[in-house]
Amino acid sequence: MRLFWVCLVAVIIVIGLYVAIHRILINRATIMLRNRAQQTTDDAVNISLQKLLSWDQTLNSQLVADVWGKGVLAFEYHFDRKQASTQLDPDQLMAALGDYANRHDLKPAQPGKPVFVVTDWWEYEGILHIDVAYLLNESTMEYVSDLKRLDHHDKH
C-alpha cells in the first residue's frame, strides 16, 4: 500500500513539473514573438509616419490591452497632432504600411490579407492615438475580425 502512495505522489510531481515547464516555455515563446512583432511594427509605423509627415520623430508602442488574449499582436502609438506638418488619415497610413510590408517582404498569416491593419484611430485632448495590428498569427486575425464585427454591430 505504501508503494502505491509513493508512486501516486511521484506521478503527481512529474505531471506538475511537466505542466510548469511547458507553461514557462510557451510563455517565453509568446514573449519572444510579441517582442519581434512589436519591433517590426514600430519600424513600419515610424518609417511610414516619417514618410507621410516629413518628420524625424520615433514613436514607441505600447501593447494593446491583454484582455484580447496573450497572442494578440496589436500596438498603440500616440503623439501630439500639432507635431504633424500635414493632415493624416487611416487610409494613408494603411497604404504606407502596405508599401513597407511589400518592400520588406513581410507576409501575413493568411494570403490575401494585409500585413498591418489600423484597428483604431482617435484623438483626445490634441493627442492622436493609433492602434496597429500585425497580422502574423491566428489570434491577431481573430482580434481584427472581432473588432470589425463590433464596429459593424455599432453602425446598425
Task: Which of ILE24, LEU147, ALA74, positive extreme of dipole for the chain (C-beta unit charges) - done: ILE24
Task: Reported label for calculated semi-axes √(5λ) of the Cα gyration tensor in Å given (i) 34, 17, 12; (ii) 21, 20, 17; (iii) 41, 17, 15 - done: (iii)
Task: Choice from LEU25, LEU97, LEU17 showing the highest fluctuation, given a GNM over the chain with Cα pairs closer than 10 Å - done: LEU17
Task: GNM top mover of MET32, MET141, MET94 - the chain, alpha-carbon springs below 10 Å - done: MET32
Open item on the list: Around LEU88, under 14 Å between beta carbons, what's the net of Lys plus Arg minus Asp minus Glu among the other residues?
Closed with: -1
- [ ] List the relative contact order of the chain as a percent without decimals, with contacts defined as Cα pairs under 8 Å and 6+ residues apart.
- [x] 21 percent
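Note the per residue figure in Å³ for the convex hull of the C-alpha positions in the stretch 1-51.
Considering the Cα atoms of the stretch 1-51, their hull volume per residue is 28 Å³.
So, for the stretch 100-156, what is the accessible surface per residue at a probe of 1.4 Å, expressed in square angstrom? Before the final figure, lay out each step's value.
Numbers: 3670 Å² over 57 residues.
Per-residue value: 64 Å².
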Open item on the list: Can you give me the long-range amide H partners of PHE79? Hydrogens built in the peptide plane at 1.01 Å from N, cutoff under 5 Å, separation of 5 or more residues or another chain.
Closed with: LEU128
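Apply the a/c threshold of 1.5 to the C-alpha gyration tensor of the stretch 101-156 and tell me whether it is rounded, prolate or oblate. Walk me through the intermediate numbers first.
Values: a/c = 2.80, a/b = 1.35, b/c = 2.08.
Oblate is the answer for the stretch 101-156, as a/c is 1.5 or above yet b/c matches or exceeds a/b.
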Open item on the list: Helix-only mean residue ellipticity at 222 nm, the chain, DSSP H runs n ≥ 4 weighted -39,500 (n - 2.57), per residue, nearest 500. What is it?
Closed with: -19500 deg cm²/dmol
Task: GNM flexibility winner over the chain from GLY126, GLY16, GLY98 (Cα, springs under 10 Å) - done: GLY16
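Kindly state, to the nearest 0.05, the FRET efficiency for ALA29 paired with TRP55, given R0 = 25 Å and r defined as their beta-carbon distance.
Values: r = 36 Å, r/R0 = 1.43.
The calculated FRET efficiency here is 0.10.
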TODO: With a 1.4 Å probe and every protein chain kept in, tell me what percent of the accessible surface of the stretch 1-102 is carbon plus sulfur.
DONE: 62 percent
Open item on the list: If I take R0 = 35 Å and measure r between the Cβ atoms of LYS148 and LEU8 in this structure, what FRET efficiency does the formula 1/(1 + (r/R0)^6) give, to the nearest 0.05?
Closed with: 0.10
Open item on the list: Filter the chain for me: DSSP H helices, axial length by Cα at least 18 angstrom, mean Kyte-Doolittle hydropathy not below -1.0. List them by residue number.
Closed with: 2-53, 90-103
Task: Amide H within-cut-off set for THR119, under 5 Å, with H built and near neighbours excluded - done: ASP131, VAL132, ALA133
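The values are calculated or read from the model by the stated rules, or taken from the named source; none is laboratory data. Nothing here was measured: the structure is a model prediction, and the numbers come from that model. Neighbour counts are summed over all protein chains in view; Cβ atoms, including those assigned to glycine, are modelled from backbone coordinates with ideal geometry. To get the accessible areas, we keep the full protein, side chains included, count just its heavy atoms, and leave off ligands, DNA and RNA. Shrake-Rupley method; radii C 1.70, N 1.55, O 1.52, S 1.80 Å.
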